[in-house]
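Here is the structure we will look at, set down as structure tokens.
Please treat every number below as a calculation from the coordinates, not as lab data. Keep in mind it's a predicted model, so treat the numbers as computed, not measured. Glycine also receives a Cβ, built like all others from the backbone with ideal geometry; neighbour counts cover every protein chain displayed.
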Amino acid sequence: MKTQIPTGFSFYTENYNPKKYEKNNLLAIVADTEVFCAGMFTKNTCCGAPITVAKKILTPPNQNIDIFSGYIQAVLINTNISNVATGEKGIEDCKTQAKLLADSLKISNKKVLVSSTGCIGPYLPMPEMIKTIPLLISGKKQDLKNSANAIMTTDIKEKFISVQCGNATISGIAKGSGMIAPNMATMLAYIMTDAKISEEKFAKIWKKAVEKSFNQVSVDGCESTSDTALALMNPIFEVDEIEFEKQIFEITKFLAKAIAYDGEGATKGIEVLVTGAESEISAQKIAKKIVSSDLVKTAIFGKDLNWGRIMGAAGHTHLPINLDKLSCTIGEVCVFKNGSPTKISEKTELLAFENNEIIIEFSMQQGEFSSTAWGCDLSYEYVKINGEYRT
């Protein structure tokens, strides 16, 4: 995979407590100059201090509070502690983190956004932060893989990608494995580009891509307190807007799917494709509800072709579904066709679970709209990981 970094961006990593943690857990994304930033954040009302601070730095255009924008020059991300439910001290600690990086870059602390991920409740280890953050940009510049590694928590795999759009480069990194049920974006995701388009169009493209990708992911149905998705533009190379929008969606889809399939304790990835819906919103809701269902997830983990759970999950949306027109396929096995169950042998049933990716196709034949959602199965290992999260 080609992983070129867009013009004008650099990445630096450090470990703020090497005696306790084995890998780097601080990442600074630094631009050579101020860049335009479009950001989306969790709608969880118990959000982290970095979310609260970031929303005051970025401005919601036209009172559209779903997406914020402004000019920044750096992003600082720490793992292990999420700085959530930490009161006024958490806010001040977040501002201190920003100032430490800003001072080393000789820029305003209002040009630095902070993200934190990890355990909810504890205060940040500020003595370690104060010592380590000023050292970040004096270190070696990192590639996308090492940068993605630095923001991992319970993730097994780094999530990064880079594509070309004309002469421009678009690169992205993300993290996420548990506490995944985005209601704006994903756990943490950062897209950088040296493409040049209008700022208004850039923000609209970002919002649309987020809604079609990150918002269509569910690992465990738990909405995070720290979800952040930032898109940074250093406008250099003119691009075709239609092609740029296509490439942005491909990147966000790749990262969203990588998060879903790297779910805590997952043994299989799940893709739900809903077709023939009356509206795009209906298709999105049904796909997300199916992929979020614990009953569907556990059935797939147990290799139980219990397709009735898919029907139940879809109906849970309370949207109109015409069973007489409905067909459903799991893997290569058609389980329901035009309103009636199909006859399935035990041998055929096992074919549905042959691959590590289980594709569920839910054909409604009620309209022309479609949507895809991604998730994973729910295993015994998920309970073990989360039962021992702090211990």
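Looking only at the range 204-231, which residues are over 19 Å from K253 (Cβ atoms) and either of a type outside the set (D, E) or not in a loop (DSSP other than H, G, I, E, B) (or both)? Quick ask: steps written out before the conclusion?
Of the range 204-231, the ones over 19 Å from K253 (Cβ atoms) are 220-226.
If the condition is that a residue be over 19 Å from K253 (Cβ atoms) and either of a type outside the set (D, E) or not in a loop (DSSP other than H, G, I, E, B) (or both), then G221, C222, S224, T225, S226 are the ones that fit.
In the range 303-342, which residues are closer than 17 Å to K268 by Cα and either exposed (fewer than 13 other Cβ atoms within 10 Å of the Cβ) or within 23 Å of the chain's Cα centre (by Cα) (or both)?
E332
Let me confirm something: among K19, K43, K23, K55, which residue is part of a helix (DSSP H, G or I) and on the phi < 0 side of the Ramachandran plot?
On the way: K19 fails: part of a helix (DSSP H, G or I); K43 fails: part of a helix (DSSP H, G or I); K23 fails: part of a helix (DSSP H, G or I).
Only one candidate qualifies: K55.
Quickly run through the range 1-44 and pick out the residues that are charged (D, E, K, R) and free of Cβ contacts under 8 Å to residues at least 12 places away in the same chain.
Residues satisfying the conditions are K19, K20, E22.
Pairs under 6 Å by beta carbon, first residue without any contact (Cβ under 8 Å) to a residue 60 or more places away in the chain in the range 240-264, partner part of a helix (DSSP H, G or I) and of a type in the set (A, V, I, L, M, F, W, C), six or more apart or different chains?
Going by the 6 Å Cβ cut-off, the qualifying pairs are E245/I205; F249/A209.
Hey, among V75, V30, which residue is part of a strand (DSSP E or B) and closer than 18 Å to M152 by Cβ? Don't jump to the end; show me each part of the working.
Numbers: V30 fails: closer than 18 Å to M152 by Cβ.
Of the residues listed, the single one that is part of a strand (DSSP E or B) and closer than 18 Å to M152 by Cβ is V75.
Criterion first (in contact (Cβ under 8 Å) with a residue 40 or more places away in the chain and of a type in the set (K, R)) does K384 satisfy it?
Working: in contact (Cβ under 8 Å) with a residue 40 or more places away in the chain: yes; of a type in the set (K, R): yes.
Spelling it out, K384 is indeed in contact (Cβ under 8 Å) with a residue 40 or more places away in the chain and of a type in the set (K, R).
Go through the residues of the range 158-165 one by one and say whether even a single one is within 30 Å of E264 (Cα to Cα) and of a type in the set (K, R). First the steps, then the outcome.
Looking only at the range 158-165, we keep the residues that are within 30 Å of E264 (Cα to Cα), and these are 158-163.
Now restrict to residues that are of a type in the set (K, R): 159.
There is at least one residue in the range 158-165 that is within 30 Å of E264 (Cα to Cα) and of a type in the set (K, R).
Could you tell me which numbered condition I130 fails, if it satisfies all but one of (1) touching a residue at least 40 places away in the same chain (Cβ under 8 Å); (2) over 19 Å from I57 (Cβ atoms)?
(1)
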